[in-house]
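Here the structure is laid out as structure tokens; the discussion comes afterwards.
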Amino acid sequence: MKIAFIGLGTMGSPMANCLKEAGFSVVGWDAVDSACSRFEYSSSSLGDALSQASVLITMLPSGDDVQVVHSDPAMAGLAENALLIDCSTIDVEASKALATEAEAKGFQMLDAPVSGGPEGAAAGTLAFMVGGEETALERANPLFDCMGSKLTYFGDAGTGQAAKACHNLICGITGLAVCEAFALADALDLDHDKFFNLCKNAAAQSWILENRCPVPGPAPKAPASNDYAPGFAARLLAKDLGIARDAAAAVGQDIPIGQETARRYAEFAEGGGGNLDFSAIYRTIRQA
Ligand code: NAD
């Protein structure tokens, strides 16, 4: 079984490596050459990667990018009844439309966005949120087992993306809360390490606090301790919060804190912080 893995960025390259190390035949491709060089088994063209593949995994920035790949004439080279697994975080309606289009072409499709960051991708411990047909999930399970350690099946096409939108709404709001709290702690002359360890062992504990602590030092592996290299780029969190905002608007649900958080991250990303880890917004809060 040949797997075509498209999108070899921060998340895609370690995920493709997990599959390769588990013994699967994986051929990667990315639109950017420097990303291709992150995965040893990259092809020189999308066509070569897709040719006779029975599984296509996409790990791309947005729904438009997934659409670009799915609309490419090279898709005709996939094996009959191929399984398309989109692990990117994209908007719910776009995901449903892609699944309908895939079905019309004789493919099965799952939306399977992830949580866990590049560290989870490298360790094969990602959490998958999956939507699509159960028979497609059965086909994909051996692959999910290599790349992740937790999976929640939500139901119809698009429900994995719906879960991811809600999940990242929590992450975004929590991220901003942690940044504001550290800015205030700093302004009040509190010691960063002591404050971090207090929160880590008290009610303010969270994955975001421990892994994306916004000040350099207390969490040595966090992006803040590495010049805010992502991690999770602020442009991607801004995109995800926009997805949550649009999903809420579509069903008439008010999410005022989420809307404000989406606005703040969009402003930060557009103001030059887009390629930094989202925790870098701390610096603008502290300066203000
Ligand atoms: P990234 O920007 O590091 O990587 C995306 C890659 O896709 C890039 O290498 C880019 O060149 C490539 N690409 C873009 N358009 C393409 C196309 N049409 N054809 C081929 N390649 C194309 O992003 P990432 O951090 O790896 O995130 C990927 C997806 O995973 C996003 O949807 C993101 O929201 C989601 N995600 C990221 C994280 C994280 O912590 N980084 C965590 C969970 C989910």
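The values are calculated or read from the model by the stated rules, or taken from the named source; none is laboratory data. Not measured: the values here are computed from a predicted model. Cβ placement follows ideal geometry from the backbone for every residue including glycine, while neighbour counts extend to all protein chains displayed. Note: areas computed on protein heavy atoms with side chains; ligands, DNA, RNA excluded. Shrake-Rupley method; radii C 1.70, N 1.55, O 1.52, S 1.80 Å.
Quick one: dipole size for the chain, taken about the Cα centre, charges +1 on Lys/Arg Cβ and -1 on Asp/Glu Cβ, in debye to the nearest 20.
500 debye
Of the beta bridges DSSP finds with both residues in region 2-156, what % are antiparallel, to the nearest 5?
Looking only at bridges with both residues in region 2-156, the antiparallel portion is about 15 percent.
Which one of ALA224, CYS36, ALA266 has its Cα pushed farthest toward the positive end of the charge dipole of the chain, where Lys and Arg give +1 and Asp and Glu give -1 at the Cβ?
ALA224
Lysines within cross-link reach of LYS20: Cα-Cα under 21 Å, excluding same-chain residues under 8 positions apart?
In chain and number order, the partners are LYS2, LYS150.
Could you tell me whether the chain comes out rounded, prolate or oblate from its Cα gyration tensor? Rule is a ≥ b ≥ c as square roots of the eigenvalues, rounded for a/c under 1.5, then prolate if a/b exceeds b/c, otherwise oblate.
Details: a/c = 2.08, a/b = 1.70, b/c = 1.22.
Here the chain falls in the prolate category.
Label region 2-156 by shape, choosing from rounded, prolate and oblate, from the square roots a ≥ b ≥ c of the eigenvalues of the Cα gyration tensor; if a/c is under 1.5 it is rounded, and otherwise prolate applies when a/b is larger than b/c, oblate when it is not.
On the way: a/c = 1.38, a/b = 1.04, b/c = 1.32.
Rounded.
If LYS20, LYS105 are ordered by their accessible area, calculated over protein heavy atoms with a 1.4 Å probe, which sequence runs from highest to lowest?
Of LYS20, LYS105, the descending order of accessible area is LYS105, LYS20.
Probe of 1.4 angstrom, ligands and nucleic acids ignored: what's the accessible area per residue over region 162-287, in square angstrom?
Averaged over the residues of region 162-287, the accessible area is 51 Å².
Using each residue's phi in region 138-150, evaluate 6.51 cos²θ - 1.76 cosθ + 1.60 at θ = phi - 60° and report the 3J(HN,Hα) Karplus result to the nearest Hz, with x for Gly and Pro.
For region 138-150, the Karplus-derived couplings read 4, 5, 8, 3, x, 6, 4, 4, 6, 8, x, 10, 9 Hz, x marking Gly and Pro.
Run the 1.4 Å probe and let me know the accessible area of CYS36, rounded to the nearest 10 Å².
20 Å²
So how exposed is THR100, as accessible area in Å² (1.4 Å probe, rounded to 10)?
90 Å²
Express the accessible area of region 30-131 per residue in Å², computed with a 1.4 Å probe while the remaining protein chains stay in the model.
Per residue, region 30-131 has an accessible area of 40 Å².
Nothing charged except the Cβ atoms of Lys and Arg (+1) and of Asp and Glu (-1): what's the magnitude of the dipole of region 2-156 about its Cα centre? Round to the nearest 20 debye.
With only Lys, Arg, Asp and Glu charged at Cβ, the dipole is about 360 debye.
For VAL27, VAL251, VAL215, write out the residues from largest to smallest accessible area, computed with a 1.4 angstrom probe and no ligands counted.
Ranked list, largest accessible area first: VAL251, VAL27, VAL215.
Using Cα-Cα distances under 8 Å and only pairs 6 or more residues apart, what relative contact order does region 161-288 have, in percent? Intermediate results must be reported in sequence, preceding the final value.
Numbers: 177 pairs, mean separation 42.4, N = 128.
So the answer I get is 33 percent.
Please list LYS200, LYS239 from largest to smallest accessible area, probe radius 1.4 Å, with all protein chains kept in place.
Sorted descending by solvent-accessible area, the residues read LYS200, LYS239.
With the Cα gyration tensor of region 82-176 giving a ≥ b ≥ c as the square roots of its eigenvalues, does the rule (a/c under 1.5 for rounded; else a/b larger than b/c for prolate; else oblate) give rounded, prolate or oblate?
On the way: a/c = 2.30, a/b = 1.33, b/c = 1.73.
Oblate is the answer for region 82-176, as a/c is 1.5 or above yet b/c matches or exceeds a/b.
What percentage of the solvent-accessible surface of the chain, computed with a 1.4 Å probe over protein heavy atoms, is contributed by carbon and sulfur atoms?
That share works out to 53 percent.
Based on DSSP H runs of at least 4 residues, each adding -39500 (n - 2.57), what is the mean residue ellipticity at 222 nm of the chain after dividing by all its residues, to the nearest 500 deg cm²/dmol? Provide the component values of the computation, followed by the final result.
Values: 13 runs with 142 residues, N = 288.
My calculation for the chain gives -15000 deg cm²/dmol from helical runs alone.
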